[in-house]
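Undergrad: One structure follows; several queries about it will come next.
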Amino acid sequence: MIIVGNFKSYLSNKDDAEAVVKAAGKLTTKHKIILAPSFVHLGYVAAKKAGVALAAQDLSIFEGGAHTGEVSADVISNSGASHVIVGHSERRADGETNSIVATKVCQALSAKLKVVLCVGEESRDAHATYLSFITEQIVSALKGIKEADFKNIVIAYEPIWAIGKGSNEAISTDDLEETVLFIKKVLRENFTEKVMKAVKILYGGSVNAENVKSLMVPGLDGFLPGRASSSKETLKALVEAMDA
Ligand code: 13P
């Protein structure tokens, strides 16, 4: 499976970020670990060649040039990252629209970065309107993409209501399995069977060593942990629990 660890803004010191990345590089596991430190720490940890792939947590909508404070896809790929997280709910909460997310996906792919596209509803309702919400997030972000580029897309299903909670408040096994199937159906119906097979699907939202095994449902390709990825102890425990 794939584990994309999103450090968010948990680590203020570059040495702490480096310690987690180095410890992850030393783990013996069949899973692929990709870690997403802050922009400022990205180049630093990449230079340490710790043996795990790196991701940025966001990117600019702009290609480069006169855009003060922006971090373009090219800057990210030249800093040693292979992946970028796009459309995280914490960015969407700050005003990132589906259209901005779509632009960022294109920018990332043009710079040969692999995209971890985050989608997920704020809450679930009895009429299942959240399913149309997820569909719209997926289709709007990916509609301009060439079929051949879909191998560089990973969808991370992160229901907002499950983020940053305790072990018992992550999604249930049944609901996760059902949502993974639903996302595959969205990909098949709005794109192609080939696209559906090419795109990997992750789950994020209060994943940790205690609950990860029960969340390894059929069809799921991995996880996007936040807090549990931000210390070497909790990340190691998570990976070991997956391997157990
Ligand atoms: P937590 O694992 O801390 O709930 O965060 C999930 C997340 O938002 C990862 O991007």
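Undergrad: Taking the Cβ of each residue in D221, D58 as the centre, tally the other Cβ atoms inside 10 Å and list the residues starting with the fewest.
TA: Going from least to most buried by this count: D221, D58.
Undergrad: Using 31 Å as the Cα-Cα cut-off, could you pick out the over-long pairs in K26/K165; K22/K143; K8/K32; K200/K232; K200/K236?
TA: Listed pairs above 31 Å: K22/K143.
Undergrad: Find out how many positive minus negative residues lie around E178, taking Lys and Arg as positive, Asp and Glu as negative, among other residues whose Cβ is under 13 Å from that of E178.
TA: Within the 13 Å Cβ shell, the charges total 0.
Undergrad: What is the gain in length, in nm to one decimal, between S140 and D243 on full extension, counting 0.36 nm per residue of separation less the C-alpha to C-alpha distance?
TA: 33.5 nm
Undergrad: Once label points are set 7 Å from the Cα along Cα→Cβ at both K194 and A126, what is their separation, rounded to one decimal in nm?
TA: According to this spin-label approximation, the distance is 4.5 nm.
Undergrad: For the chain, what is the mean residue ellipticity at 222 nm derived from helices alone (per DSSP H run of n ≥ 4: -39500 (n - 2.57); sum divided by total residues; nearest 500 deg cm²/dmol)?
TA: For the chain, the value works out to -11500 deg cm²/dmol.
Undergrad: Within straight cross-link reach of K194, meaning Cα distance under 19 Å, which aspartates and glutamates are found once same-chain residues fewer than 8 apart are removed?
TA: Reachable aspartates and glutamates: E147, D149, D221.
Undergrad: What is the set of long-range amide H partners of F223 at a cut-off below 5 Å, with H atoms built 1.01 Å from backbone N?
TA: Those qualifying (amide H under 5 Å, at least 5 residues apart or on another chain) are I2, I3, V4, Y203.
Undergrad: Measuring from label point to label point, each 7 Å out along Cα→Cβ, what is the D174 to S12 span in nm?
TA: Distance between label points: 4.5 nm.
Undergrad: State the extension gain, in nm to one decimal, for the chain segment bounded by K26 and A47, taking 0.36 nm per residue of separation less the distance between their alpha-carbons.
TA: 5.9 nm
Undergrad: Then there's this: Given the Cα-Cα distance of S99 and K185 and 0.36 nm per residue of separation, how much length would full extension add, in nm?
TA: 28.7 nm
Undergrad: Same structure again: Through the Karplus equation 6.51 cos²θ - 1.76 cosθ + 1.60, θ set to phi - 60°, convert the phi angles of the stretch 100-107 into ³J(HN,Hα) values in whole Hz; use x for Gly and Pro.
TA: Computed from phi, the couplings for the stretch 100-107 are 5, 4, 4, 5, 5, 4, 5, 4 Hz.
Undergrad: If you plug each phi of the stretch 187-200 into the Karplus form 6.51 cos²θ - 1.76 cosθ + 1.60 with θ = phi - 60°, what whole-Hz ³J(HN,Hα) values come out, in order, with x for Gly and Pro?
TA: 5, 5, 6, 9, 10, 9, 4, 5, 4, 4, 6, 7, 7, 8
Undergrad: Rounded to whole Å, give me the distance from the Cα center of the stretch 118-143 to that of the stretch 199-228.
TA: With the stretch 118-143 and the stretch 199-228 each reduced to a Cα centre, they are spaced 19 Å.
Undergrad: Once the other residues with Cβ under 12 Å from the Cβ of E193 are scored (Lys, Arg +1; Asp, Glu -1), what is the net sum?
TA: +3
Undergrad: Let me ask another. What's the local net charge at K48, with K and R +1, D and E -1, over the other residues with C-beta under 11 Å away?
TA: Local charge sum for K48: +1.
FYI, it's all coordinate maths here, none of it is from the lab. Values in this document were obtained by computation on a predicted structure and should not be read as measured data. Glycine also receives a Cβ, built like all others from the backbone with ideal geometry; neighbour counts cover every protein chain displayed.
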